[in-house]
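Just below is one structure, and these are the notes that go with it.
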Amino acid sequence: MAVTGPRSTANQSTTTTVVDMDDAIEMLDKFDVPLTSMLSEEGITNIRHDWLEDDLDAQTVAVNAAFTSGGATVTVIDSSNVRTRDLLQKVQVTGDDIAPQILGSTEQILEVTAVPTATTITVSTTPWGGTTGANLASPDILQIIGQVPLEGADPQTSRDGDPTARFNVAQIFQERVDATRTARKNDQYGIDDPLERMKMRKFKELAIRLERAYLVGVRFVSADKKQRSFGGLFYHITTNVRSSTVAALRAGTNAMLRASFVLGASPDLLMVSPAIKQAYDDMDLTATGTTIKVEKDYGDTGIGITAESFKSSFGLVRLLINRHMPTNKTVALESGYVKRLIFDNWFYEDLAKTGDSDQGEIVGEFGFKVKNEKAHAVLNVTDAA
């Protein structure tokens, strides 16, 4: 890993040697930093990191008032993504799914003949293609199933919306270490050098703080921009958040994964607290036959943790325990969309000597990226303990 430094600080020796902390990283207990261990990394050169996210344009419109079969105007909540010559059909909304109401070709299809206002659309009074007319009411949902433009006509105005701009900031993690000349010279049982021992201990503390920040950090920048904290997983994931109980954990987890799947995502990791991990284990112990919930692989996983997978209706999803997770939360991630950002990787540097002691600091500056937050999900297990 590349190391940037030395930095220029008021109390830093001009002859200081910057020491890479890669060896210390390799010595970390993977259970202390499981998310850090499995995330891919990306270098950044600015303390603010921006990215753009594009969502597919809405393909549905919500009915907002009663519509009688044969009528010419449908009142909707927002007509902005409907265009003249669109074909609309009522859909069945069940949980997170939006699907055709029936299988067949007789369900009413409406042709849009004009979009006069932001909340009304004009439709042909005769349903399209001989389909059967039907009444509509709030909160029915109409889905765009196609268009029937006039041959040779100009295309309708674009539905393309602007991408969403998202950003996070780099956060400094820093600890001072020091030891007196006498302590370093004095023989101590089991300790070769108290300064080196303190380096390892403080680095582990910093790495655990970084792991916690990846989970629960809140993005904030002070007015002078000299103090910064980045937003973690629970700060960024806001669309797909739902609740469950321990008794309904399997159904709740499947519903969470299903919601992400319907939005076009493919979560491959479930990160859970110790309490929820135990609930999964208890659920597995009571399973019979082909309804086993958790599958285990005791082979080498590459990060030193036994691989377990939750058997969902949408395939096997890796299950990973994290002791720093809030007790009542499970998070589903499409891991390719989550990255740890490195502005300055961990390093140690000596500071100017003051008095009869040696001093130094361990420092690193990191950010966090959660792309396509709709690809991820959070499950609050309300009675987990």
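The values are calculated or read from the model by the stated rules, or taken from the named source; none is laboratory data. In this text, all values refer to a predicted model and were calculated from it rather than measured experimentally. Virtual Cβ from ideal backbone geometry, glycine too; neighbours counted across all protein chains shown.
A few notes on this one:
- Residue count for the stretch 267-293, restricted to those that are at pLDDT 90 or above and part of a loop (DSSP other than H, G, I, E, B): 3.
- Residues in the stretch 160-210 that are at pLDDT 80 or above and assigned to a loop (DSSP other than H, G, I, E, B): Ala170 alone.
- Hey, Asp78 in a loop (DSSP other than H, G, I, E, B) and of a type outside the set (A, V, I, L, M) or not: yes
- Yes/no for Ala259 being modelled with pLDDT of 80 or more, more than 21 Å from Phe234 (Cα to Cα) and of a type in the set (Gly, Ala, Ser): no
- For the stretch 242-255, the criterion of being of a type outside the set (D, E, K, R), within 17 Å of the chain's Cα centre (by Cα) and within 14 Å of Glu373 (Cα to Cα) is met by no residue.
- Residue match in the stretch 230-238 (condition: in contact (Cβ under 8 Å) with a residue 40 or more places away in the chain, loosely packed, with under 14 Cβ neighbours inside 10 Å and of a type outside the set (Gly, Ala, Ser)): yes
- Considering the stretch 303-385, the qualifying strands (runs of 3 or more DSSP E), each wholly inside and each with 1 or more residues that are modelled with pLDDT of 90 or more, run over 315-321, 329-333, 338-350, 357-370, 377-381.
- Scanning the stretch 254-264 for residues that are in contact with a helix residue (DSSP H, G or I) (Cβ under 8 Å, 6 or more places away or on another chain) and surrounded by fewer than 22 Cβ atoms within 10 Å (Cβ to Cβ) yields Leu263, Gly264.
- Members of the stretch 134-148 found to be under 16 Å from Val123 (Cβ atoms) and in a loop (DSSP other than H, G, I, E, B), listed by number: Ala134, Asn135, Ala137, Asp140, Val148
- Of Leu195, Leu150, Leu136, all but one fail to be in contact (Cβ under 8 Å) with a residue 60 or more places away in the chain, surrounded by fewer than 14 Cβ atoms within 10 Å (Cβ to Cβ), more than 30 Å from Ile237 (Cβ to Cβ) and of a type outside the set (S, T, N, Q); the exception is Leu150.
- Test: residue in the stretch 120-129 that is at pLDDT 90 or above and either in the same structural domain as Gly360 (by TED's automatic domain parsing) or among the small types (Gly, Ala, Ser) (or both): yes
- Within the stretch 211-241, considering residues that are within 14 Å of the chain's Cα centre (by Cα) and in a helix (DSSP H, G or I), the one farthest from Lys374 (Cα to Cα): Ala213
- Arg242 vs. criteria buried (at least 19 other Cβ atoms within 10 Å of the Cβ) and not aromatic (Phe, Trp, Tyr): no
- If you go through the stretch 20-72 and keep only what is surrounded by 14 or more Cβ atoms within 10 Å (Cβ to Cβ), modelled with pLDDT under 75 and not acidic (Asp, Glu), you end up with Met21, Ala24, Ile25, Leu28, Lys30, Ala58.
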